[in-house]
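The values are calculated or read from the model by the stated rules, or taken from the named source; none is laboratory data. Being a predicted model, the structure only gives us computed values, none of them experimental. Heads up, the Cβs are rebuilt from the backbone with ideal geometry, glycines too, and the neighbour counts pull from every protein chain shown. The area values use the complete protein model at the heavy-atom level, side chains included, leaving out ligands, DNA and RNA. Shrake-Rupley method; radii C 1.70, N 1.55, O 1.52, S 1.80 Å.
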Amino acid sequence: MQWDIVIGLEIHVQLATKTKIFSGSSTAFGAEPNTQASAVDLAMPGTLPVPNEQAFRYAVMFGLAVNAEIGRRSVFDRKNYFYPDLPKGYQTTQLDHPIVGPGFVDIDLEDGSSKRVRIHHAHLEEDAGKSLHEDFDGMTGIDLNRAGTPLIEIVTEPDMNSAEEAVAFAKKLHSLVSSIGICDGDMSQGSLRFDVNISLKPKGSDELGTRTETKNLNSFRFMEQAIAHEVERQMDILEDGGRIIQETRLYNGDRDESRSMRSKEEANDYRYFPCPDLLPVVIDDAFIESARDLLPELPDERKARFKEQYGLNDYDARLLSDDARIAAFFEEAVGQGKDAKLAANWVLGEFSARLNAEDKTVVQAPITGSQLGQLVARIADNTVSSSGAKKVFEALWNGDADNADAIIEAQGLKQVSDTGALEQMVDEVLAGMPDQVAQYQEEADPKKQKKMLGGFMGPLMKASKGQGNPKLFNEILVRKLGG
Amino acid sequence: MHNKSVAELSRELESGKISSVELTREFLDRIKAEDRQYNSFITVTEDQALADAKTADEQRAAGKASVWTGVPFAHKDIFCTNGVATTCGSKMLANFVPPYDATVTANFRAAGAVCLGKTNMDEFAMGSSNESSFFGAVTNPWGLGNGEKRVPGGSSGGSAAAIAARLVPAATATDTGGSIRQPAALCGVTGLKPTYGRVSRYGMIAFASSLDQGGTMARTAEDNALMLNVMAGFDPKDSTCVDRAVPDYTATLNEPLKGLRIGLPKEYFSDQLSPAMEQQVRNAVKEYEKLGATVKEVSLPHAKLAIAAYYVIAPAEASANLSRFDGVRYGYRCDNPKDLNDLYTRTRAEGFGGEVKRRILVGTYALSAGYFDAYYLKAQKVRRLIQQDFVNAFNEVDVLMSPVTPSPAFVQGEKTSDPVTMYLEDVFTIAVNLAGVPAMSVPAGFVDGLPVGLQIIGNYFEEARLLNAAHQYQQVTDWHQKLPQ
Amino acid sequence: MTISREDIEKVAVLARIRLDEEQIPALENDLGNILSLVDQLSAADTNNVEPLAHPLDAVQRLRADEVTETNQREAFQAIAPATESGLYLVPRVIE
């Protein structure tokens, strides 16, 4: 049987505010346990929440970036459950009146097509603390520094139909929240966490199957694996005539296993009701406009500009525009020269390959955009050959010198482009190879002639100690041999 | 000295006739000698009080005194006091010493008042008789002379009894469904529940957040005004606190009442009210007519639904507000929990008393799947109808007057067997909390030797008008000066 | 209105309050009486009535994103039932 895969995502995004959503405690990462947990965060008796304006501003910026309606009157609710990392015994969240309403994100797929994924809504809520399961004589330790960190939970429609689409969406979202500056994007610290809802239905059927939710995936790789794993698990059950149980599952990426968390949620009844310690938040036009003013160029806008301004193709423009930091690196490089296409090739080619090989992000790269740009400029003006340029890049990366010119000079990589000197070398080489010259001149087929030119290039490069401009050598050769 | 009002004591201190240390010592001695029979205090902070009194005397000598500098008073044990046990009348918080002040506490501290200790209360402010306190019931000073142990009302019963017994001249209190007005009435003292949002709730341990309001209790209306001057005002730490100018509540106490339009809600003169009680209330209204007020009957047609709406909304909010008491970060924790669930369920079973548990269970039920619309949402809709009744009434009159309670103080144990009978104690006070309007209880006579309270209800933020009306009444009556035998 | 033993047991689990067997009959009675009182609500005509969450028709004030809290771990943990290495301790949590 053939199956359609249906995927929806819920994404928790930690907002990069200085303080918590309901208290003036710092949200800085890495502090000693419970040193950033105030009386409010600890739910001390009598303490009360006061919401952070910046959390709302960031949520509105997100809403604008995904073309969403902004909730003009949003209301906080209490979601009641007991857990040691949840000090009040309820999570303050938004159920019926979220800050961000329906919107959408367009994703680009490998085959060059694009797809629209609808956002159902996004709401503001508070993060929980952390349970540390190291052994304290059989006890669990609770650190509440994270408790009260502002989150937006983004809920998509079930618009994705493969792991590829889900991961493309996740990456796009990651790039979006990072580039508009509302999230630090650091997935290893849990700044973005993905829950994946998956169901299968017979190919072409309109009826959705029973879904499961796989929780707390914090890398794209795990997400891809978890989806593959869950699709296979559901397919096996369905093809054996079984039924899928609606449940929450936990995926273990290290072992590629998942298990049900059903026992945990069975007894849950969250008893949502409007939080009586908080009033409705009213967002007016001025607030929305001030948030809009803070929005930097969005990836989609940037991609269009790259195509227009630099004449890049769709594929290169997308790769360079998705991540704001790569885009900035590219534009810095272009600023040093004129050849945008060549700069794009170097950023996406040599530079990206090197980052991948060393598992570095663009900000961790040892070279700057303008350093790379300078090198690209020297390639464009024929100062250095492309093979020489690779040597220059290597030296820049290793920090041998801080600019391309110095390296070209020091390593003698400058191409000889003085036609007088090159003509003299050609004359001397041709004089030493009379047989080959005669063969060439007797050959009637221009294709074969062209091939025979290579025979002269080796000795020419040797004569010029590798510094002759091959393009110019070629021109001179054709002219002299043809004459 | 202990029979004097706050205003009088302040003048005595100013004139130098007595020092704050002497005054504080006098009240502390009275508490020591007499509180055994009332149990109105949970904690007495003798050393701290004497130290604060000494500081106050120094400030006064330096010419830096305000009205409250060096005047003794007490806090209901629901207001967090930095470094002093704050129990909320519960075993759950019997060992809880907050490292922070409630905003109300900080305000009194800044005013230079001398806190003598923390007064007894129904556990988590849930009760109308002060019998649900983990620290034992409070006995009403009235009736003791006949050998009867009567309730002081609740939940602010400790504050009311302490003032009636002249153990303190004033005390803070809170009112969620009548918890200031009912004990004030039953103990023959004057109390004010301000407009919701007038006084900060920060550091005031929550029972039902949308109903709770801190307020004042003392013998005279004038003293209530002096207290409210300290307590009222905007607090950035409480999202529901109102940013609105605070008048000097003593400035208008002497305004004449001529032309004051009084409304008598007919629903509050029902057959639930004993004829003797009704007579006292009508006599009080007659005094107001003598002072130039006009009287007409009005209607609060949905008032009869107030108790039903309240007993959904208050327990629902409480069920969530009290979830933080889980034995993890502070307060009571059961011995040797065998797992997490055992920690939670045993800590809460052992730490909470019966009435608190009942209300948590009712609130949990009302919010649970399938019941939310029928209970919680319905109650909130009825709440709007009740609020609208008050808005309509205040289009016609300036204040409403009614009894505070259906009957005077009852004997301890009389109503503990049936929660619902106890709830009906608040039949005339609860609608005010649902609407959020301010209201007072003013001593207005006696039935069988027990005090009767007159309830005066005002429009939003009209505390000054209520205090003015109460003060003028106290200029022509002396019910508030009567002493229990 | 009556409330069943099962309902009481269910809400006690949700509220994390342990009930002993002998407490349940009294609770059935008391909670049943309270719910009967509350059932008066059903008589009210609330068509087209908006629910009222707060007595004042106010809107939420927002706070500037500035750090105002300092580390007070020592004071807070001095009143905690069980701590170690700055952490609050609870019986082992099994995920």
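Just one of the listed residues (A:388, A:420) is without any contact (Cβ under 8 Å) to a residue 24 or more places away in the chain and open to solvent by less than 50 Å² (accessible area, probe 1.4 Å), and it is A:420. Can residue B:387 be described as outside any loop (DSSP other than H, G, I, E, B) and out of contact with any strand residue (DSSP E or B) (no Cβ under 9 Å at 6 or more places or on another chain)? Taking the combined requirement at face value, the residue satisfies it.
You will find that of A:469, A:398, A:403, the residue that is among the polar types (S, T, N, Q) and open to solvent by 60 Å² or more (accessible area, probe 1.4 Å) is A:398 and no other. Each residue in the stretch B:334-373 was checked for being within 12 Å of chain A (Cβ to nearest Cβ), open to solvent by 10 Å² or more (accessible area, probe 1.4 Å) and either part of a helix (DSSP H, G or I) or touching a Leu at 6+ places or on another chain (Cβ under 7 Å) (or both), and 5 of them qualify. Please indicate, with yes or no, whether at least one residue in the stretch B:421-436 is out of contact with any Ser or Thr (no Cβ under 9 Å at 6 or more places or on another chain), surrounded by 20 or more Cβ atoms within 10 Å (Cβ to Cβ), in a helix (DSSP H, G or I) and not aliphatic (A, V, I, L, M). Checked the stretch B:421-436: no residue is out of contact with any Ser or Thr (no Cβ under 9 Å at 6 or more places or on another chain), surrounded by 20 or more Cβ atoms within 10 Å (Cβ to Cβ), in a helix (DSSP H, G or I) and not aliphatic (A, V, I, L, M). Under the condition of being crowded, with 16+ Cβ neighbours inside 10 Å and farther than 24 Å from residue A:180 by Cα, the residues counted in the stretch A:312-340 number 4. Against the numbered list (1) surrounded by fewer than 18 Cβ atoms within 10 Å (Cβ to Cβ); (2) touching a Pro at 6+ places or on another chain (Cβ under 9 Å); (3) assigned to a loop (DSSP other than H, G, I, E, B), residue B:8 comes up short only at (3). Considering every residue within the stretch A:253-265, establish whether at least one is within 14 Å of chain B (Cβ to nearest Cβ), within 36 Å of the chain's Cα centre (by Cα), modelled with pLDDT under 90 and loosely packed, with under 12 Cβ neighbours inside 10 Å. Within the stretch A:253-265, one or more residues are within 14 Å of chain B (Cβ to nearest Cβ), within 36 Å of the chain's Cα centre (by Cα), modelled with pLDDT under 90 and loosely packed, with under 12 Cβ neighbours inside 10 Å.
Among the residues examined, residue C:39 qualifies as among the charged types (D, E, K, R), assigned to a helix (DSSP H, G or I) and either more than 21 Å from the chain's Cα centre (by Cα) or closer than 25 Å to residue B:212 by Cα (or both). Inspection of the stretch A:291-301 finds a residue satisfying the criterion of being modelled with pLDDT of 90 or more, within 14 Å of another protein chain (Cβ to nearest Cβ), surrounded by 14 or more Cβ atoms within 10 Å (Cβ to Cβ) and over 30 Å from residue A:90 (Cβ atoms). Taking the criterion of being closer than 30 Å to residue B:363 by Cβ, assigned to a strand (DSSP E or B), open to solvent by 20 Å² or more (accessible area, probe 1.4 Å) and free of Cβ contacts under 8 Å to residues at least 60 places away in the same chain, would at least one residue in the stretch A:273-282 satisfy it? Looking through the stretch A:273-282, none of the residues is closer than 30 Å to residue B:363 by Cβ, assigned to a strand (DSSP E or B), open to solvent by 20 Å² or more (accessible area, probe 1.4 Å) and free of Cβ contacts under 8 Å to residues at least 60 places away in the same chain. Among the residues making up the stretch C:36-57, those that are open to solvent by less than 70 Å² (accessible area, probe 1.4 Å) and either more than 7 Å from chain B (Cβ to nearest Cβ) or touching a strand residue (DSSP E or B) at 6+ places or on another chain (Cβ under 8 Å) (or both) are C:36, C:39, C:53.
Collect the residues in the stretch B:374-393 that are more than 11 Å from chain C (Cβ to nearest Cβ) and open to solvent by less than 20 Å² (accessible area, probe 1.4 Å), keeping them in residue-number order. Of everything in the stretch B:374-393, those that are more than 11 Å from chain C (Cβ to nearest Cβ) and open to solvent by less than 20 Å² (accessible area, probe 1.4 Å) turn out to be B:389, B:393. Of the numbered criteria (1) within 14 Å of another protein chain (Cβ to nearest Cβ); (2) open to solvent by less than 10 Å² (accessible area, probe 1.4 Å); (3) part of a loop (DSSP other than H, G, I, E, B), the one residue B:99 fails is (2). Counting only strands (runs of 3 or more DSSP E) wholly contained in the stretch A:1-110, the ones carrying 1 or more residues that are open to solvent by less than 10 Å² (accessible area, probe 1.4 Å) and within 14 Å of chain B (Cβ to nearest Cβ) occupy A:77-80, A:90-93.
Considering (1) over 30 Å from residue A:303 (Cβ atoms); (2) of a type in the set (Ser, Thr, Tyr); (3) open to solvent by 10 Å² or more (accessible area, probe 1.4 Å), the lone condition that residue A:219 does not fulfil carries the number (1). Mind checking whether some residue in the stretch C:61-75 is among the aliphatic types (A, V, I, L, M), at pLDDT 95 or above and not in a loop (DSSP other than H, G, I, E, B)? The answer is yes, given that some residue of the stretch C:61-75 is among the aliphatic types (A, V, I, L, M), at pLDDT 95 or above and not in a loop (DSSP other than H, G, I, E, B).
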